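Colleague: Below are the structure tokens for one structure; questions will follow.
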Amino acid sequence: MNLELRKLGKANREISPLPLILKIKEVLARVSPRKKLIVAVSGGADSVALLHLLIEAGYKNLVVAHFNHQLRGKASAADATFVRKLADQLNLPCEVGSDDVRKLASDRKSSLETTARESRYDFLAFVARKQRTRSLFLAHHADDQLETCFFNFLRGSGIAGLSGMKPLSVRSVGGIKIELHRPILGITKNELLDYLKVRRIRFREDATNAIADASRNKLRLKVLPLIEELFGSAFRATIVRNARIFSEEEELLSSISLPIAKNETLSVKLMRDLNPALRRRVLHAWLKNRGVDEPGFAEVERVASLLEPGAAAKVNLPADRHARRRGGILFIE
């Protein structure tokens with residue numbers, strides 16, 4: 001699908017960007033404006049708005065990073081060109097990476113979505129090493145948070161999934177730990193679009209976002225609008241608010257489960273003795289720590305079945321991996 005370069009119309013002077021800038025400053029109160037920060041910029045409205053908001057909030061030591069997945073031919077190349085020009089206009093350094101993600105997914109026998117995400121993070125980790133910083137900024141906003149919480153609910157991922165994305169988290173990629181900052185989780189898509197309109201800022205529009213084929217697009221384009229039609233728009237804020245509550249509960253439970261989950265192997269006896277709720281959380285965290293991408297209820301229950309007396313000693317995991325029980329321990333291969 002071709003993407004069209006879009007310039008928003010006449011600015012609405014009654015809309016002030018100041019509240020958004022203040023929100024950014026509040027979330028980033030502990031991040032020094034002098035610190036070097038990598039900003040992942042796709043060229044779309046969200047990431048372009050984030051980049052400009054960071055600059056207006058006083059963050060000038062920025063490195064623009066763009067990854068070309070090569071999924072849309074000339075349109076993907078045009079995105080990269082747009083981001084390079086944007087960085088040049090803002091006098092910011094720009095790092096651009098590229099890979100044939102579709103071929104890579106086929107070679108790995110992995111989903112396109114998973115491969116695209118892994119390739120993107122591999123590139124961002126490379127940029128982090130090169131630029132000697134571990135702080136990466138992502139443009140996930142309140143609407144993304146809503147979709148994530150809802151999608152995780154459908155996947156049965158428990159409180160961990162319902163708490164959604166965090167403003168600050170750490171991800172290990174290629175042997176290094178990267179700080180993932182999401183400073184606009186409290187800002188809606190419409191607020192970002194209004195900001196771009198006021199500032200007359202151009203961005204790239206991805207036509208594939210309007211096609212209800214991928215699961216997330218179906219949720220965004222069909223399910224959530226239907227819920228809003230039936231129950232009103234207040235449910236959006238409610239889910240995001242619940243995510244904050246679940247996040248606090250998640251932190252408490254994580255403080256109990258993570259010390260166990262950080263081990264490379266797990267004791268079968270110890271896991272059997274745990275409360276079922278805590279056991280499930282330990283297994284979920286353990287799978288994530290061992291490199292299983294976004295384990296859901298099915299993966300956790302599959303591994304939990306290894307604890308049953310007389311059960312099979314091996315279960316399958318995504319990406320041709322397996323969890324095994326041997327000699328009273330659980331391990332992944």
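Colleague: Looking at the structure I just gave you, is L270 of a type in the set (A, V, I, L, M) and in a strand (DSSP E or B)?
Modeller: no
Colleague: If you don't mind, another one. If you take the residues of region 28-46 that are farther than 17 Å from A128 by Cβ and touching a residue at least 24 places away in the same chain (Cβ under 8 Å), which of them is farthest from the chain's Cα centre (by Cα)?
Modeller: Per the criteria, the residue is R34.
Colleague: Go through L51, L18 for me and flag whichever is at pLDDT 95 or above and either over 15 Å from F137 (Cβ atoms) or touching a helix residue (DSSP H, G or I) at 6+ places or on another chain (Cβ under 8 Å) (or both). Spell out the reasoning first.
Modeller: On the way: L18 fails: at pLDDT 95 or above.
Going through L51, L18 in turn, the sole match is L51.
Colleague: Every residue in region 73-97 that is open to solvent by 60 Å² or more (accessible area, probe 1.4 Å) and modelled with pLDDT under 95, please.
Modeller: Correct list: K74 only.
Colleague: Can you pull out every residue in region 303-312 that is out of contact with any Leu (no Cβ under 7 Å at 6 or more places or on another chain) and either within 19 Å of I260 (Cα to Cα) or open to solvent by less than 50 Å² (accessible area, probe 1.4 Å) (or both)? Before the answer, list the steps.
Modeller: Within region 303-312, the subset out of contact with any Leu (no Cβ under 7 Å at 6 or more places or on another chain) is 305, 307-312.
S305, L307, A311, listed by residue number.
Colleague: Check L136, L192 and return the single one that is among the hydrophobic types (A, V, I, L, M, F, W, C), open to solvent by less than 20 Å² (accessible area, probe 1.4 Å), in a helix (DSSP H, G or I) and touching a His at 6+ places or on another chain (Cβ under 9 Å).
Modeller: L192
Residue by residue, here is whether (1) closer than 30 Å to A311 by Cβ; (2) of a type in the set (A, V, I, L, M); (3) touching a residue at least 24 places away in the same chain (Cβ under 8 Å) holds:
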site: H181; (1), (2), (3): no, no, yes
site: L196; (1), (2), (3): no, yes, yes
site: E251; (1), (2), (3): no, no, no
site: E264; (1), (2), (3): yes, no, yes
site: R281; (1), (2), (3): yes, no, yes
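Colleague: Right, another one. Every residue in region 275-289 that is buried (at least 19 other Cβ atoms within 10 Å of the Cβ) and either touching a Cys at 6+ places or on another chain (Cβ under 6 Å) or not in a helix (DSSP H, G or I) (or both), please.
Modeller: Matches in region 275-289: none.
Colleague: Which one is surrounded by the most Cβ atoms within 10 Å (Cβ to Cβ), of the residues in region 147-177 that are over 25 Å from L20 (Cβ atoms), touching a residue at least 24 places away in the same chain (Cβ under 8 Å) and touching a strand residue (DSSP E or B) at 6+ places or on another chain (Cβ under 8 Å)?
Modeller: Checked region 147-177; the qualifying residue surrounded by the most Cβ atoms within 10 Å (Cβ to Cβ) is R171.
Colleague: Another question about this same structure. Does I256 satisfy being closer than 15 Å to S163 by Cβ, in a helix (DSSP H, G or I), under 25 Å from the mean Cα position of the chain (by Cα) and aliphatic (A, V, I, L, M)? Explain how you work it out, then say what you get.
Modeller: On the way: closer than 15 Å to S163 by Cβ: no; in a helix (DSSP H, G or I): yes; under 25 Å from the mean Cα position of the chain (by Cα): yes; aliphatic (A, V, I, L, M): yes.
Taking the combined requirement at face value, the residue does not satisfy it.
Colleague: Now for a separate question. Just checking, does region 59-66 include any residue being more than 23 Å from K189 (Cβ to Cβ), surrounded by 13 or more Cβ atoms within 10 Å (Cβ to Cβ) and modelled with pLDDT of 95 or more?
Modeller: In the first step, residues of region 59-66 are kept if they are more than 23 Å from K189 (Cβ to Cβ); the result is 60-61, 63.
Keeping just the survivors that are surrounded by 13 or more Cβ atoms within 10 Å (Cβ to Cβ) gives 60-61, 63.
If we keep only those that are modelled with pLDDT of 95 or more too, we end up with 61, 63.
Checking region 59-66: at least one residue is more than 23 Å from K189 (Cβ to Cβ), surrounded by 13 or more Cβ atoms within 10 Å (Cβ to Cβ) and modelled with pLDDT of 95 or more.
Colleague: Is it true that some residue in region 72-81 is of a type in the set (V, I, T) and farther than 22 Å from S215 by Cβ? Reasoning before the result, please.
Modeller: Here is the first cut: in region 72-81, the ones of a type in the set (V, I, T) are 81.
Filter once more, keeping what is farther than 22 Å from S215 by Cβ: 81.
Yes; the residues of region 72-81 include at least one that is of a type in the set (V, I, T) and farther than 22 Å from S215 by Cβ.
Colleague: In region 314-331, is there at least one residue being part of a helix (DSSP H, G or I) and farther than 18 Å from G161 by Cβ?
Modeller: No: region 314-331 contains no residue that is part of a helix (DSSP H, G or I) and farther than 18 Å from G161 by Cβ.
Colleague: Hey, another quick one. What do you reckon, is S247 part of a helix (DSSP H, G or I), exposed (fewer than 14 other Cβ atoms within 10 Å of the Cβ) and hydroxyl-bearing (S, T, Y)? Even if it seems obvious, please write down each step before you answer.
Modeller: Working: part of a helix (DSSP H, G or I): yes; exposed (fewer than 14 other Cβ atoms within 10 Å of the Cβ): no; hydroxyl-bearing (S, T, Y): yes.
For S247, the condition - part of a helix (DSSP H, G or I), exposed (fewer than 14 other Cβ atoms within 10 Å of the Cβ) and hydroxyl-bearing (S, T, Y) - is not met.
Colleague: Would you pick out the residues in region 178-189 that are within 19 Å of R290 (Cα to Cα) and open to solvent by 10 Å² or more (accessible area, probe 1.4 Å)?
Modeller: If the condition is that a residue be within 19 Å of R290 (Cα to Cα) and open to solvent by 10 Å² or more (accessible area, probe 1.4 Å), then E179 is the only one that fits.
Colleague: Shifting gears a bit: Kindly indicate whether E264 is modelled with pLDDT of 90 or more and part of a loop (DSSP other than H, G, I, E, B).
Modeller: Yes: the conditions hold for E264.
Colleague: Can you pull out every residue in region 299-313 that is part of a helix (DSSP H, G or I) and either of a type outside the set (S, T, Y) or touching a helix residue (DSSP H, G or I) at 6+ places or on another chain (Cβ under 6 Å) (or both)? I'd like the intermediate steps shown before the answer.
Modeller: Looking only at region 299-313, we keep the residues that are part of a helix (DSSP H, G or I), and these are 299-307.
Passing the criteria: E299, V300, E301, R302, V303, A304, L306, L307.
Colleague: Related question: Report, by residue number, each residue of region 224-236 that is open to solvent by less than 60 Å² (accessible area, probe 1.4 Å) and part of a helix (DSSP H, G or I). Spell out how you get there, then give the answer.
Modeller: Just the residues of region 224-236 that are open to solvent by less than 60 Å² (accessible area, probe 1.4 Å), to begin with: 224-225, 227, 232, 235.
Residues satisfying the conditions are L224, P225, I227, F235.
The values are calculated or read from the model by the stated rules, or taken from the named source; none is laboratory data. Note that the structure is predicted; figures quoted are calculated from it, not measured. We place every Cβ from the backbone using ideal geometry, glycine too, and count neighbours over all the protein chains shown. When the accessible area is computed, the model is the full protein with side chains, heavy atoms only, and any ligands, DNA or RNA have been set aside. Shrake-Rupley method; radii C 1.70, N 1.55, O 1.52, S 1.80 Å.
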